[in-house]
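Notes follow once the structure below has been shown.
The values are calculated or read from the model by the stated rules, or taken from the named source; none is laboratory data. Treat the numbers as computed from the prediction; the structure is a model and nothing was measured. Reconstructed Cβ throughout: ideal geometry from the backbone, glycine too, with neighbour counts over all protein chains shown.
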Amino acid sequence: MIFGATGDLAKRKLFPSLYRLFERGRLEKFAVIGVARRTLDNDDFQQSVKDSVLSALGEKGNLDEFVSHFYYQAHDVADSSSYTSLRKFANQIDENYQLDGNRIFYLAMAPEFFGPIALHLKSDGLTEVKGYKRLVIEKPFGHDLESAKELNKQIRSAFSEKEVYRIDHYLGKEMVRNIEVIRFANAIFEPLWNNKYISNIQITSSETLGVEERGRYYETSGALRDMLQNHMMQMVALLAMEPPIKLTTDEIRSEKVRVFRALRTIEGDKVNDYFVRGQYGEGTIGGKKAPKYRDEPMVDKESNTETFVAGKIKIDNFRWAGVPFYIRTGKRMAAKSTKIVVQFKDIPMNLYYQTEKMLNPNLLVIHIQPEEGITLHLNAKKAGGHLDAQEVKLSFANTGSNAMNTPEGYEKLLYDCMRGDATNFTHWDEVAYSWAFVDKISEVWENSKADSFPNYQSGTMGPKAADELLEKDGYFWWPVGDLEVDICK
Ligand code: BG6
């Protein structure tokens, strides 16, 4: 059951992803009930599903068969009688398709409806099923720790923690899932993966898009809540966690939670030493002029909302003491790119020179998007030279995965949910700890006006202060453009 079936997410991500699962034979017995406010008949709904698949994936042969599994119900989320008729309809569909009473509720809706819908699903009997029941919810999961707790309480009165699948679409990305394998399946990395050998880790997720028509939401969110609290923190946890004793959902999640528990709290006066906020001004991206954030629709002309954040995260445990994790994310930056750079410490004594420069440090670059792969930066002898060293790169590219065209992990996440595998969804404890961390930063930022806004030009890599954040520790951001993986065709 997809709540919000006429919305953007359903059209852009969910229908194409369901189609891909269908095409791969991963949906055998299934039916989808699209639920939304507006009145629509089944034929029109099926046509809209078809259109969304066509526009995402192009012409497909068995589309008619696929869309014949889709039904539509107009629905008022606040009205019990609406749920009662939905229940009857769902029971009927269950029987027709022999679904064994298994039911997934996907809330592709504005977050204020998550709690009320979950409560109605229970009180109006939709959760009384013979099989399994699962609730999938999109972000944002609350606005801060308090509101997240309240939302969780409402949801948990209808679903157990094991039945709640909180989506973080970064956990559907192929290379984010690969972090664990790269770390724990390679003898050459895991022994070095600690403060003895790693000097710092940098995670960049930059976007060229601006806020565009999402001004209303973004004004109350900002980059801190929109990207850092969830996607960036999840990547930190995967990079920093201890090896799980087994590859089970509970073991993996509990190792991630231990990372969150070890996060150093950054609060009060410390916030502006560890974190930098930015807001885009006018600029040029891809040869086109871009407006400043304050000129975007639904945005306050004096807005104090950050569209960029960079920060230094410290994990106070035995493995990571002393190693900064630098993160940065922002809108309207120079490139669309998500990359992780693990910078290893310099060797103790350097005997070689690279044309009068110091040796480059070893880097392990994990390319999350748009290209997917890993690159290891090493030093080797320059052919023909005396003992001059030069940097060489060993690259692996996930070719054939069609990275740019995949529905960004939704296909994998939907499939995981159907199989009952919650590993790549966020557990409540992870959500709570990361809100507690982020709340301390937003508290300071919301109570002090950023006089310098806008402080970076559209089409750049953010404000100068983000560079200074690393410079004062003796580092610099590895430029994302120079770290491209060589895609082997
Ligand atoms: C979403 C944010 O969660 O992630 C958006 O709300 C952002 O603001 C998007 O653009 C980025 O996702 P991706 O997959 O394009 O990096």
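Restricting Met333, Met298 to residues that are at pLDDT 95 or above, within 15 Å of the ligand (Cβ to nearest atom) and surrounded by fewer than 21 Cβ atoms within 10 Å (Cβ to Cβ) narrows the list to Met298. Looking only at the range 342-362, filter to residues that are closer than 24 Å to Pro191 by Cα and polar (S, T, N, Q); which one of those is nearest to the ligand (Cβ to nearest atom)? This residue is Gln343.
Among the residues of the range 121-149, what is the count of those that are surrounded by 22 or more Cβ atoms within 10 Å (Cβ to Cβ) and in a helix (DSSP H, G or I)? Count: 1. Residues in the range 57-89 that are of a type outside the set (A, V, I, L, M, F, W, C) and without any contact (Cβ under 8 Å) to a residue 24 or more places away in the chain: Gly58, Glu59, Gly61, Asp64, Glu65, Ser68, Asp79, Ser81, Ser82, Ser85, Lys88. Within the range 217-233, track down each residue that is surrounded by fewer than 20 Cβ atoms within 10 Å (Cβ to Cβ), touching a residue at least 12 places away in the same chain (Cβ under 8 Å) and assigned to a helix (DSSP H, G or I). Glu219, the sole residue that qualifies. Note on the range 198-208: among residues that are more than 15 Å from Leu238 (Cβ to Cβ) and either within 16 Å of the chain's Cα centre (by Cα) or assigned to a helix (DSSP H, G or I) (or both), the one that is nearest to the ligand (Cβ to nearest atom) is Glu207. Scanning the range 11-22 for any residue that is in contact (Cβ under 8 Å) with a residue 40 or more places away in the chain and more than 25 Å from Lys139 (Cα to Cα) turns up at least one such residue.
Condition check: hydrophobic (A, V, I, L, M, F, W, C) and surrounded by 18 or more Cβ atoms within 10 Å (Cβ to Cβ). Does Val176 satisfy that? Taking the combined requirement at face value, the residue satisfies it.
This table checks each residue for (1) part of a helix (DSSP H, G or I); (2) more than 16 Å from the ligand (Cβ to nearest atom); (3) hydrophobic (A, V, I, L, M, F, W, C).
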{"residue": "Lys196", "(1), (2), (3)": "no, yes, no"}
{"residue": "Met235", "(1), (2), (3)": "yes, no, yes"}
{"residue": "Ser254", "(1), (2), (3)": "yes, yes, no"}
{"residue": "Val257", "(1), (2), (3)": "yes, yes, yes"}
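Report yes if Ala31 is within 24 Å of the chain's Cα centre (by Cα) and in contact (Cβ under 8 Å) with a residue 40 or more places away in the chain, otherwise no. So Ala31 does not fit the description; no. Note on the range 164-211: residues that are of a type in the set (Gly, Ala, Ser) and closer than 22 Å to Lys314 by Cα amount to 3.
Residues in the range 363-377 that are within 16 Å of the ligand (Cβ to nearest atom) and of a type outside the set (A, V, I, L, M, F, W, C) were compared, and the one that is surrounded by the fewest Cβ atoms within 10 Å (Cβ to Cβ) is Pro370.
If the condition is being over 21 Å from Met1 (Cα atoms) and touching a residue at least 12 places away in the same chain (Cβ under 8 Å), then the range 142-152 contributes Gly142, His143, Asp144, Leu145, Ala148, Lys149, Glu150.
For the range 257-289, residues that are over 18 Å from Ser452 (Cα atoms), surrounded by 15 or more Cβ atoms within 10 Å (Cβ to Cβ) and touching a residue at least 60 places away in the same chain (Cβ under 8 Å) total 5. Regarding Phe159, is this residue within 16 Å of the ligand (Cβ to nearest atom) and crowded, with 16+ Cβ neighbours inside 10 Å? No. So Arg156 clears everything in (1) farther than 27 Å from Met235 by Cβ; (2) over 21 Å from the mean Cα position of the chain (by Cα) except one condition, right? Which one? Of the numbered conditions (1) farther than 27 Å from Met235 by Cβ; (2) over 21 Å from the mean Cα position of the chain (by Cα), the odd one out for Arg156 is (1).
Pairs linking a residue in the range 408-427 that is free of Cβ contacts under 8 Å to residues at least 60 places away in the same chain and at positive phi to a residue that is within 13 Å of the ligand (Cβ to nearest atom) and among the charged types (D, E, K, R), with Cβ atoms under 8 Å and 6 or more positions apart or on different chains, do not occur. For the range 12-30, the set of residues classified as surrounded by fewer than 20 Cβ atoms within 10 Å (Cβ to Cβ) and touching a Ser or Thr at 6+ places or on another chain (Cβ under 8 Å) consists of Arg12 only. For the range 243-256, give me each residue that is exposed (fewer than 15 other Cβ atoms within 10 Å of the Cβ) and touching an Asp or Glu at 6+ places or on another chain (Cβ under 8 Å). Across the range 243-256, the qualifying residues are Pro243, Ile245. Take Leu54 and tell me if it is touching a residue at least 60 places away in the same chain (Cβ under 8 Å) and not in a loop (DSSP other than H, G, I, E, B). Against the criterion (touching a residue at least 60 places away in the same chain (Cβ under 8 Å) and not in a loop (DSSP other than H, G, I, E, B)), Leu54 does not qualify.
Scanning the range 106-141 for residues that are within 16 Å of Thr84 (Cβ to Cβ) and touching a residue at least 12 places away in the same chain (Cβ under 8 Å) yields Pro116, Ile117, Leu119, His120, Leu121, Lys122, Ser123, Asp124, Gly125, Leu126, Thr127, Val129. Given the structure, is Glu212 touching a residue at least 12 places away in the same chain (Cβ under 8 Å) and away from the ligand (no atom under 16 Å from the Cβ)? The answer is no for Glu212. Restricting to the range 368-391, count the residues that are in a loop (DSSP other than H, G, I, E, B), at pLDDT below 90 and not aliphatic (A, V, I, L, M). Of the residues in the range 368-391, 5 are in a loop (DSSP other than H, G, I, E, B), at pLDDT below 90 and not aliphatic (A, V, I, L, M).
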